[in-house]
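Undergrad: Encoded as structure tokens, here's the structure I'll be asking about.
The values are calculated or read from the model by the stated rules, or taken from the named source; none is laboratory data. Keep in mind it's a predicted model, so treat the numbers as computed, not measured. Cβ coordinates were reconstructed from backbone atoms using ideal geometry, including for glycine residues, and neighbour counts include every protein chain displayed. We work out accessible area using only protein heavy atoms, side chains counted, and drop any ligands, DNA or RNA first. Shrake-Rupley method; radii C 1.70, N 1.55, O 1.52, S 1.80 Å.
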Amino acid sequence: MTNFKYFFLMFLPYYILSIISGVTYQNSSEISIDGSNHIKVTHNWGMLGSTTIFSIVAGLLMTGIMFVCIDHIRNKAEYNKPFLHSVTIINNGKYFWGTIFIYILSYIMICLWTLLLIIPGIIKGLAYSQAFYIYRDAVDKGEHISYMDAITKSRQLMDGHKWEFFVLQLSFIGWFLLVGITFGLAGIYVIPYYRLTIANFYDSLLD
């Protein structure tokens, strides 16, 4: 991966929020043993709430970074202002609200399919995986697109490509194991590499 410094700085706010989220989550529960040798778990709901907020913000930042990755795949972006690019989702209201509502709608529909069986839920998750990119491209072109339209077009775009995308995800298992073994340190390289690969997959579908 070229321009490592740029990608490191662009992803840095996401890394920091993810670390804070993980630390607060670990500190949100306390395990103790009472006099009867029963294990008791107590939760700090304030910390759990903070963990949720940090996770949501990190997720929003990542979606904005995903949009920037598309530009880099298409050679339409310059390797400067990494911190400004890291908050792309905040600087564009349409990106922001589109991300939130597409996520909510996708989550609800995937959950409903999962209630039937786990496999249909996984299949729908794969089918809806390109909705954010599709919405982003439409917004950049000045086209009107509803949140449901983005999800529907993703399902149509992924027709015949879900298994291919699933295999692509599996190919990163070793990389993410490396991230775990190195206590997240390898993520500095792996996460940008993964996101650029996924962006390239979407762009190849359009071709």
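Undergrad: In segment 150-159, how many residues are open to solvent by less than 70 Å² (accessible area, probe 1.4 Å) and outside any helix (DSSP H, G or I)?
TA: Taking segment 150-159 and keeping what is open to solvent by less than 70 Å² (accessible area, probe 1.4 Å), we get 150-152, 154, 157-158.
Of the ones still in play, those that are also outside any helix (DSSP H, G or I) are 158.
The number of residues fulfilling the criteria is 1.
Undergrad: Cβ-Cβ distance below 7 Å, separation of 6 or more or different chains: which pairs start in segment 145-171 with a residue that is within 18 Å of Ile119 (Cβ to Cβ) and at pLDDT 95 or above and end on one that is open to solvent by 70 Å² or more (accessible area, probe 1.4 Å) and assigned to a helix (DSSP H, G or I)?
TA: As it stands, the answer is Lys162/Ile123, since those pairs meet every condition given.
Undergrad: Still on this model: Among what's in segment 170-192 and is of a type outside the set (A, V, I, L, M, F, W, C) and crowded, with 16+ Cβ neighbours inside 10 Å, pick the residue that is nearest to Leu157 (Cα to Cα). Walk me through how you get there before you give the answer.
TA: Taking segment 170-192 and keeping what is of a type outside the set (A, V, I, L, M, F, W, C), we get 171, 174, 180, 182, 184, 187, 189, 192.
Next, from what is left, pick out any that are crowded, with 16+ Cβ neighbours inside 10 Å: 187, 189, 192.
Details: Gly187: 29, Tyr189: 29, Pro192: 24 Å.
The residue in question is Pro192.
Undergrad: Val68 passes all but one of (1) within 26 Å of Asn3 (Cβ to Cβ); (2) free of Cβ contacts under 8 Å to residues at least 24 places away in the same chain; which number fails?
TA: Of (1) within 26 Å of Asn3 (Cβ to Cβ); (2) free of Cβ contacts under 8 Å to residues at least 24 places away in the same chain, only one is false for Val68: (2).
Undergrad: Still on this structure, please answer the following. If only one of Leu60, Leu17, Leu12 is in contact with a Leu (Cβ under 8 Å, 6 or more places away or on another chain), at pLDDT 60 or above and closer than 29 Å to Asn200 by Cα, which one is it?
TA: Numbers: Leu60 fails: in contact with a Leu (Cβ under 8 Å, 6 or more places away or on another chain); Leu12 fails: in contact with a Leu (Cβ under 8 Å, 6 or more places away or on another chain).
One residue alone meets the criteria, Leu17.
Undergrad: Which members of segment 65-96 meet the condition of being hydrophobic (A, V, I, L, M, F, W, C) and surrounded by 12 or more Cβ atoms within 10 Å (Cβ to Cβ)?
TA: The first filter runs over segment 65-96 and keeps only residues hydrophobic (A, V, I, L, M, F, W, C), leaving 65-70, 73, 77, 83-84, 87, 89-90, 96.
Those that are hydrophobic (A, V, I, L, M, F, W, C) and surrounded by 12 or more Cβ atoms within 10 Å (Cβ to Cβ): Ile65, Met66, Phe67, Val68, Cys69, Ile70, Ile73, Ala77, Val87, Ile89, Ile90, Phe96.
Undergrad: On to the next question. Got a sec? Which of Trp175, Trp163 is over 21 Å from Gly64 (Cα atoms), part of a helix (DSSP H, G or I) and touching a helix residue (DSSP H, G or I) at 6+ places or on another chain (Cβ under 6 Å)?
TA: Numbers: Trp163 fails: touching a helix residue (DSSP H, G or I) at 6+ places or on another chain (Cβ under 6 Å).
Unique residue meeting the criteria: Trp175.
Undergrad: Right, something else. Considering Tyr147, Tyr133, Tyr107, which residue is farther than 21 Å from Asn200 by Cβ, within 19 Å of the chain's Cα centre (by Cα) and surrounded by 13 or more Cβ atoms within 10 Å (Cβ to Cβ)? Working first, answer last.
TA: On the way: Tyr133 fails: farther than 21 Å from Asn200 by Cβ; Tyr107 fails: surrounded by 13 or more Cβ atoms within 10 Å (Cβ to Cβ).
Unique residue meeting the criteria: Tyr147.
Undergrad: Another question, then. Of everything in segment 110-130, what is assigned to a helix (DSSP H, G or I), exposed (fewer than 14 other Cβ atoms within 10 Å of the Cβ) and not β-branched (Val, Ile, Thr)? Give them in sequence order. Break it down into steps so the answer makes sense when it comes.
TA: Residues of segment 110-130 that are assigned to a helix (DSSP H, G or I), as a first pass: 110-116, 118-127.
With exposed (fewer than 14 other Cβ atoms within 10 Å of the Cβ) added as a condition, the list becomes 111-112, 115-116, 118-119.
Once the filter is applied, which keeps residues that are assigned to a helix (DSSP H, G or I), exposed (fewer than 14 other Cβ atoms within 10 Å of the Cβ) and not β-branched (Val, Ile, Thr), segment 110-130 yields Cys111, Leu112, Leu115, Leu116.
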